[in-house]
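To keep things clear, I will list the structure first and then write my remarks on it.
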């Protein structure tokens, strides 16, 4: 059922997409709207005409809103369309993949079995090859057992197309183990001979060591006896020497004590004389210092008197010059003298005489 406005009838939603994508159909709608609202003459001086004009414009706006709402609904449906297509595509992919798996199942089973068959042959050949390579550190007995196992190994039709490669690998392994066995037997024989020689050498060394210990013990006993006798002789000589040294030390210490006493008495006398001399020197120095002080004081007083006299003369000269300048510029002698005195005493602000 189609929705209508006062001016147009909206197209059904099912066919609205063809309308919005066809300019001619849109022009038909526009022509219908123009036919109903364009051409009317309104008298704007009259209220009812103004209301009619506003009403017709509002009808156009409602038609616009209705078409816009319909367009939005169609756009929403179109946005969901890719999701529906993707969902259908995934469903189709899953179905086709299941069919592909069913069709390929026999081939996959054959390929897996073939892969396992080849892996088994490769593993058997690798084990044979390892038997010929892993010989380092093995004893001759172990190598002989490994050689017997390899020689009893049969390469038959069970190896299929790998029979030739397996036979070649087995031959190389047997040859390698035989070479390793021969080398190991030679090595073990050499080691056995070395062990025998080492045992004999150790026995001889042990006997030589025992003889050396006995000989050294006898020599040590002889040395100890001789050392003891020499020690007793040395002790007697030391006691005699110590007694003589003690007597000499006592005599020397007595003489040194007498000498120290003499030196102490001499130092005391010398210190007494030195103290008396220092006292005399100090008294003389004090006397001379007082004489110098008095002379310096007198010289300072005389110098100060001369300085004051010179300063007095200097200031009098400057004051006289100022006095003459005042008189020269019109002051009386009395006023000039008074001015100079006041300035010299600093009683006139901002005015001073530079001496």
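Computed values, structure above
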{"quantity": "Output for the stretch 1-26, where each listed residue is under 21 Å from residue 57 (Cβ atoms) and part of a helix (DSSP H, G or I)", "calculated": "26"}
{"quantity": "Qualifying residues in the stretch 314-351 (those that are loosely packed, with under 10 Cβ neighbours inside 10 Å and assigned to a helix (DSSP H, G or I)) - the one nearest to the chain's Cα centre (by Cα)", "calculated": "328"}
{"quantity": "Residues of the stretch 142-159 classified as without any contact (Cβ under 8 Å) to a residue 40 or more places away in the chain, under 60 Å from the mean Cα position of the chain (by Cα) and closer than 11 Å to residue 174 by Cα, total", "calculated": "1"}
{"quantity": "Residue among 216, 224, 193 that alone is under 30 Å from residue 142 (Cβ atoms), over 60 Å from the mean Cα position of the chain (by Cα) and assigned to a helix (DSSP H, G or I)", "calculated": "193"}
{"quantity": "Residue within the stretch 268-291 that is surrounded by 10 or more Cβ atoms within 10 Å (Cβ to Cβ) and under 30 Å from residue 343 (Cα atoms) present", "calculated": "no"}
{"quantity": "Among the candidates 169, 135, 139, residue that is surrounded by 11 or more Cβ atoms within 10 Å (Cβ to Cβ), modelled with pLDDT under 75 and within 59 Å of the chain's Cα centre (by Cα)", "calculated": "135"}
{"quantity": "Which listed residue, of 327, 318, 258, 291, is out of contact with any helix residue (DSSP H, G or I) (no Cβ under 8 Å at 6 or more places or on another chain), under 30 Å from residue 344 (Cβ atoms) and without any contact (Cβ under 8 Å) to a residue 40 or more places away in the chain", "calculated": "318"}
{"quantity": "Members of the stretch 71-97 that are at pLDDT 80 or above and in contact with a helix residue (DSSP H, G or I) (Cβ under 9 Å, 6 or more places away or on another chain)", "calculated": "71, 73, 74"}
{"quantity": "Subset of the stretch 150-165 (residues that are over 15 Å from residue 118 (Cβ atoms) and surrounded by 11 or more Cβ atoms within 10 Å (Cβ to Cβ))", "calculated": "150, 151, 153, 155"}
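The values are calculated or read from the model by the stated rules, or taken from the named source; none is laboratory data. Computed from a predicted model, the values in this text were never measured in an experiment. Neighbour counts run over all protein chains shown; Cβ positions are idealised from the backbone, glycine included.
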